[in-house]
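Notes follow the structure.
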Amino acid sequence: MMLTRSSVPRASALPLLLVALWPRVPHAQDASSSAPVPDRPAIMFNRWQEDWSVLADPRVPRQPLDFLKYIPLSATDEQVYLSFGANVRERFETNDSPLFGLGPSSNPSYLLSRTEAHADLRIGQHLQAFAQLQSAFAPGKSPLNPPDRNRLDLEQAFLVMTSPLGDGILKVRLGRQQMAFDLQRFVSVRDGPNVRQSYDALWADYEIGRWRFIGFFSWPVQTRDRRVFDDTSGGELTFGGFRAELQLSRSSSIAAYYARFSQDQASYLSAKGTEHRDIFDVHYTGTVGQFDWDMEAMLQFGHVGSKSIFAWGTGAVAGYTFASTAWTPRIGLQVDAASGDTNRSDGTLGTFNPLFPNGAYLTLAGYTGYVNFVHVKPSLTVHPWSAVKLMFAVAPQWRQTTADAVYAQPNIPVPNTAGMPGSYTGTYGQVRLDWAISRSTSFALEAVHFHVGDVVRSSGGRDSNYIMAQIAYGW
């Protein structure tokens, strides 16, 4: 049954008390008004950013279960409501040579299944409480890694408080949450693998004019999966910092941040012990006409055990879209590089730490990671239909230094490659199809073939093949 304002049960005392504590907001215009009918919200990457109060307008077209998308809790304020939602992602993968065949024996074909369910409580424009559960399984996958399976746990649970401050808006987010910066090269939600990355964190941002200032401190959540609801965080792994963003124009922006990453019992090929990294990052993105770009550079200092750190990473993606040509082709070029350890016997560690990568920035196959590499990836993307995107790419790779190893995603050294001659790692070809079936359903295919170079082949590795098929639904 569709709920209308007249059929809503009488509000409970608690929501009315909370509403009374906050300033009122203007009511939505009456259905008889000549105002345009609002659109239904899109299913967003961050589900907590969706605003379902538009369903207070009876003119908005209804869909099944809309009575759970918008449950009004106040007879006088349409922005006081409760909303439920869910995500389901099913992915079939086959991978004939993880770690180029040098890892433990594994089942080549398996399923990655992830279900998320959330509840979103809004108390006007000033207060929000969001909670999300995650259940992820990997039938047929062996061996299992932490990002593969998490049978049932709390993915997010946080409060958001929003308030005007001077000429700007202050937002504070407290609790278990997900956060990401830019293209998610180094700080991500880790949506590529099966289990997303969460952070127990305090996040505050202040927006004023063209500026946005962010401060955060977090304990990244570690997946254990020994039993349900056992994910944990603590002082053994922390990440926090400050960030400033400036909107240069309608289509370009620049950002910079300082962060501190710390972990106990860090282990690298030439260093072990407590790790503290001071991180400086600059990001610049924009579009001019048919040309687009995204560039980022990061420096890392600090120490691991008794060794000091000096490491760096950089990435750039640029492209040109032929908007007036059939299939709107885009020619793209991606160039990435990250440092390795040039001398394992000196007192400085040069191996870059990719922090919290998204697992899909290069490919979903994960054959190589953002460590000790130089990566050049020309690509062609076309749109045979408006809802279908097809991408073709070829990418050769090299080691930044032969003194350090070849690394698989995220930072796993390929056995017997450190110090071996030959900087050329190999070349992969990639084909990916993305189909937006509807506003709530998407389908994807990806295939990757990695032809290994002599350094991997001489260590016992072999060419590798990866195929993926995925369907995702959001409600």
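The values are calculated or read from the model by the stated rules, or taken from the named source; none is laboratory data. What you see is a predicted model, and the numbers here were worked out from it, not measured in a lab. FYI the Cβ positions are ideal-geometry reconstructions off the backbone, even for glycines, and counts take in every protein chain you see.
Yes/no matrix, rows are residues, columns are (1) without any contact (Cβ under 8 Å) to a residue 40 or more places away in the chain; (2) in contact with a helix residue (DSSP H, G or I) (Cβ under 7 Å, 6 or more places away or on another chain):
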site: His118; (1), (2): no, yes
site: Gln125; (1), (2): no, no
site: Leu133; (1), (2): yes, no
site: Pro139; (1), (2): yes, no
site: Pro146; (1), (2): no, no
site: Arg149; (1), (2): no, no
site: Leu159; (1), (2): yes, no
site: Ser163; (1), (2): yes, no
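Here the strands (runs of 3 or more DSSP E) wholly within the stretch 327-440 that include at least 3 residues being within 18 Å of Gln300 (Cβ to Cβ) are 330-338. Residues in the stretch 270-290 that are surrounded by fewer than 18 Cβ atoms within 10 Å (Cβ to Cβ), in contact with a Ser or Thr (Cβ under 8 Å, 6 or more places away or on another chain) and not polar (S, T, N, Q): Gly273, His276, Tyr284, Gly286, Val288.
Each row is one residue, and each column tells you yes or no for (1) touching a Cys at 6+ places or on another chain (Cβ under 8 Å); (2) surrounded by fewer than 20 Cβ atoms within 10 Å (Cβ to Cβ); (3) at pLDDT 95 or above.
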| residue | (1), (2), (3) |
| --- | --- |
| Phe130 | no, no, yes |
| Pro139 | no, yes, yes |
| Asn145 | no, yes, no |
| Asp153 | no, no, yes |
| Leu165 | no, yes, yes |
| Ile169 | no, yes, yes |
| Arg176 | no, no, yes |
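Taken over the stretch 91-113, residues that are farther than 13 Å from Lys141 by Cβ and either of a type in the set (Lys, Arg) or in contact with a helix residue (DSSP H, G or I) (Cβ under 9 Å, 6 or more places away or on another chain) (or both) amount to 2. The set of residues from the stretch 421-463 being surrounded by 15 or more Cβ atoms within 10 Å (Cβ to Cβ) and either free of Cβ contacts under 8 Å to residues at least 12 places away in the same chain or of a type in the set (Val, Ile, Thr) (or both) comprises Thr425, Thr427, Thr441, Val448, Val452, Val455, Val456, Arg457.
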